[in-house]
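The next block holds one structure in the form of structure tokens; read it before the comments.
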Amino acid sequence: DVKVTQSSRYLVKRTGEKVFLECVQDMDHENMFWYRQDPGLGLRLIYFSYDVKMKEKGDIPEGYSVSREKKERFSLILESASTNQTSMYLCASSSYSSGNTIYFGEGSWLTVV
Amino acid sequence: AQSVTQPDIHITVSEGASLELRCNYSYGATPYLFWYVQSPGQGLQLLLKYFSGDTLVQGIKGFEAEFKRSQSSFNLRKPSVHWSDAAEYFCAVGAWSGGYQKVTFGTGTKLQVIP
């Protein structure tokens with residue numbers, strides 16, 4: 001089975017802090033994604049990456065950056081956390097060879113106070 | 001650009017009753033379509049997917065969905081709902097663009113099951 005692991009399930013950070021959310025997948029998938037989930041808004045794509053060191057903006061990239069130095073790892077960075085970034089963050093991966101299905105991690109609940 | 005609409009925010013059904021969750025998509029070509037389920041506090045689990053071929057797709061947990069191109073719909077069905085089906089359900093549409101995959105999700109339908 002594909003496993004997508006998000007390093008932190010629950011985080012509480014202060015406004016202005018730099019926040020790192022880490023994600024690792026174990027299936028050699030070329031595509032990786034970061035989504036944000038908020039009630040009534042569904043999942044919104046923040047950034048995605050289709051190869052090492054490659055990244056593309058999604059629908060809501062403002063206030064976020066990403067890093068993909070290794071194929072299995074995709075990090076989401078909040079340079080200066082703000083209260084409106086309090087949310088559930090979901091990492092995911094996919095591959096053409098696995099039928100383009102997106103596999104999700106269990107999510108990271110971030111609260112910014 | 002593709003988009004997905006799930007018109008029902010919240011649905012309540014009785015245990016044992018049939019279920020249909022609606023999903024409409026917008027995309028210029030033949031899309032690939034997914035249904036995912038999310039239990040509270042968890043990530044999303046794939047229920048089923050449609051890429052091509054038979055328009056009636058069987059998934060896990062007794063769910064099925066039918067792709068209707070003429071209606072741009074991909075509705076999820078289950079003949080008899082169990083209390084454990086209470087969760088949030090997301091429809092998604094995927095497309096290849098510029099050599100990479102982009103998947104867009106709907107806003108979700110929350111299912112409540114009553115005894």
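The values are calculated or read from the model by the stated rules, or taken from the named source; none is laboratory data. As the structure is a computational prediction, the values presented were derived from the model and not from experiment. Here the Cβ is made from the backbone with ideal geometry for all residues, glycine too, and neighbour counts use every protein chain on show. Surface areas here come from the heavy atoms of the whole protein model, side chains and all, with no ligands, DNA or RNA. Shrake-Rupley method; radii C 1.70, N 1.55, O 1.52, S 1.80 Å.
Give the B-A buried accessible area in Å², both sides summed, 1.4 Å probe, nearest 100.
Answer for the B-A pair: about 1800 Å² buried.
If each of A:Glu22 and B:Gln42 carries a label point 7 Å out from its Cα toward its Cβ, how far apart are those two points in nm?
2.6 nm
Suppose we look only past 20 Å in the calculated P(r) of segment B:10-115. What percent of the Cα-Cα pairs does that tail hold?
Of all Cα-Cα pairs in segment B:10-115, 37 percent lie more than 20 Å apart.
What do you get for Rg/Rh over the protein assembly as shown if you use C-alpha atoms and the Kirkwood form of Rh?
A ratio of 0.97.
Measuring with a 1.4 Å probe in the full set of protein chains, what accessible area per residue, in whole Å², belongs to the protein assembly as shown?
47 Å²
With the calculation restricted to Cα positions, what are the radius of gyration and Dmax of chain A in angstrom?
Every Cα atom of chain A included, Rg and Dmax give 13.2, 42 Å.
Magnitude of the Cβ-charge dipole of segment A:54-113, K/R +1 and D/E -1, about the Cα centre, nearest 20 debye?
Around 220 debye, computed over segment A:54-113.
5 Å is the cut-off here: which amide hydrogens, built 1.01 Å from N in the peptide plane, fall below it relative to A:Tyr47, excluding neighbours closer than 5 in sequence?
A:Trp34, A:Gly58
Taking amide H positions as placed 1.01 Å from N in the peptide plane, with prolines and chain starts having none, which residues 5 or more places from A:Thr101, or on another chain, fall under 5 Å of its amide H?
A:Ser95
If the elastic network links every pair of Cα atoms under 10 Å, which of A:Val24, A:Val12, A:Val66 fluctuates the most in the Gaussian network model of chain A?
A:Val12
Once neighbouring chains are kept in place and the probe is 1.4 Å, which whole percent of the accessible area of segment B:1-94 is contributed by carbon and sulfur?
Result for segment B:1-94: 49 percent of the exposed heavy-atom area is carbon or sulfur.
Order the peptides B:79-86, B:52-59 from the highest to the lowest mean number of other Cβ atoms within 10 Å of their residues.
B:79-86, B:52-59
Along segment A:77-93, what does the Karplus equation 6.51 cos²θ - 1.76 cosθ + 1.60 (θ = phi - 60°) give for ³J(HN,Hα), rounded to whole Hz, x for Gly and Pro?
Those phi angles translate into 10, 9, 5, 8, 4, 10, 4, 6, 9, 5, 5, 9, 10, 10, 9, 8, 9 Hz.
Filter the GluC sites (Glu not before Pro) in segment A:36-113 down to the DSSP loop ones having no more than 12 other Cβ atoms within 10 Å, then list what survives.
For GluC sites (Glu not before Pro) across segment A:36-113 that sit outside H, G, I, E and B with at most 12 neighbouring Cβ atoms in 10 Å, the list reads A:Glu62, A:Glu79.
What value in Å³ per residue do you get for the convex hull of the alpha-carbon atoms in segment A:66-110?
Measuring per residue, one finds 83 Å³ for the Cα hull of segment A:66-110.
Please turn the phi angles of segment B:3-9 into ³J(HN,Hα) values with the Karplus equation 6.51 cos²θ - 1.76 cosθ + 1.60 (θ = phi - 60°), one per residue in order, whole Hz, x for glycine and proline.
8, 9, 10, 10, x, 9, 6
Beyond a 27 Å Cα-Cα separation, which of these cross-linked pairs lie in this structure: A:Lys71/B:Lys78; A:Lys3/A:Lys70; A:Lys70/B:Lys49; A:Lys71/B:Lys110; A:Lys53/B:Lys49; A:Lys3/B:Lys102?
A:Lys71/B:Lys78; A:Lys70/B:Lys49; A:Lys71/B:Lys110; A:Lys53/B:Lys49
Could you run the Karplus curve 6.51 cos²θ - 1.76 cosθ + 1.60 with θ = phi - 60° over segment A:94-107 and give me ³J(HN,Hα) per residue in whole Hz, x for Gly and Pro?
Calculated HN-Hα couplings, in order: 7, 8, 4, 6, 9, x, 6, 5, 8, 10, 9, x, 7, x Hz.
Which of the trypsin sites (Lys or Arg not before Pro) found in segment A:8-82 are loop residues per DSSP with 16 or fewer other Cβ atoms within 10 Å of their Cβ?
Loop-located and lightly packed - A:Arg9, A:Arg14, A:Lys18, A:Lys53, A:Lys71.
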